[in-house]
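Structure record follows, encoded as structure tokens.
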Amino acid sequence: MTYRAFTLVVICFIGFVMITGCISQNDASTSLESVSEMQNRAFDFPLSSPPPELMVAASVDKDPIYNTINVRFDGGRGQNLVNSAMARVTLSDGRIKQQELLPRIGNTVSFEGTIGMDTAEVVVSFMNGESYKILSEKVGVPRPNLERERL
């Protein structure tokens with residue numbers, strides 16, 4: 001009798017573990033999608049600063065010869081609470097390029113820029129679910145005769 005009760009308890013336990021594992025996997029994929037959606041929406045808003053305890057920074061530079069745009073995560077007080085970071089570049093010809101920026105000090109992503117003025121932006125999402133656009137900067141050398149040169 002105790003053998004049957006023990007077997008029933010083990011089967012119930014295994015079933016419970018399998019059900020919670022399935023639910024957790026679905027919740028994880030949903031939260032990943034919502035983080036990505038929140039980051040994409042955050043690009044549409046103006047530059048915003050996280051609270052001081054979450055403050056992080058990013059920087060951008062553009063090579064004047066090869067037009068390579070480098071976006072770097074510079075860290076900050078809240079760097080250990082960053083869930084993800086996304087860098088996006090809007091090129092002067094209207095194309096948009098986007099890459100994940102790993103939230104570790106010094107990590108860099110590179111984009112092939114144009115000879116015109118391009119715009120670099122960085123959005124970070126924190127573990128509390130909040131997203132902030134921490135960088136929005138035009139990069140490049142202004143070239144007033146650029147349109148004439150193309151003609």
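Throughout, read-outs are computed from the coordinates displayed, never taken from laboratory work. All values reported here derive from a predicted model rather than from experimental measurement. Ideal geometry is used to build each Cβ from the backbone, glycine not excepted, and the neighbour counts take in all protein chains shown.
Each Lys and Arg contributes +1 and each Asp and Glu -1, all at the Cβ; summed about the Cα centre of region 75-130, the dipole is approximately 160 debye.
Across region 84-117, the residues whose backbone nitrogen lies under 19 Å from the label position 7 Å along the beta-carbon direction of I65 are 110-116. Only the Cβ atoms of Lys and Arg (+1) and of Asp and Glu (-1) were treated as charged; on that basis the dipole of region 38-142 about its Cα centre amounts to roughly 100 debye.
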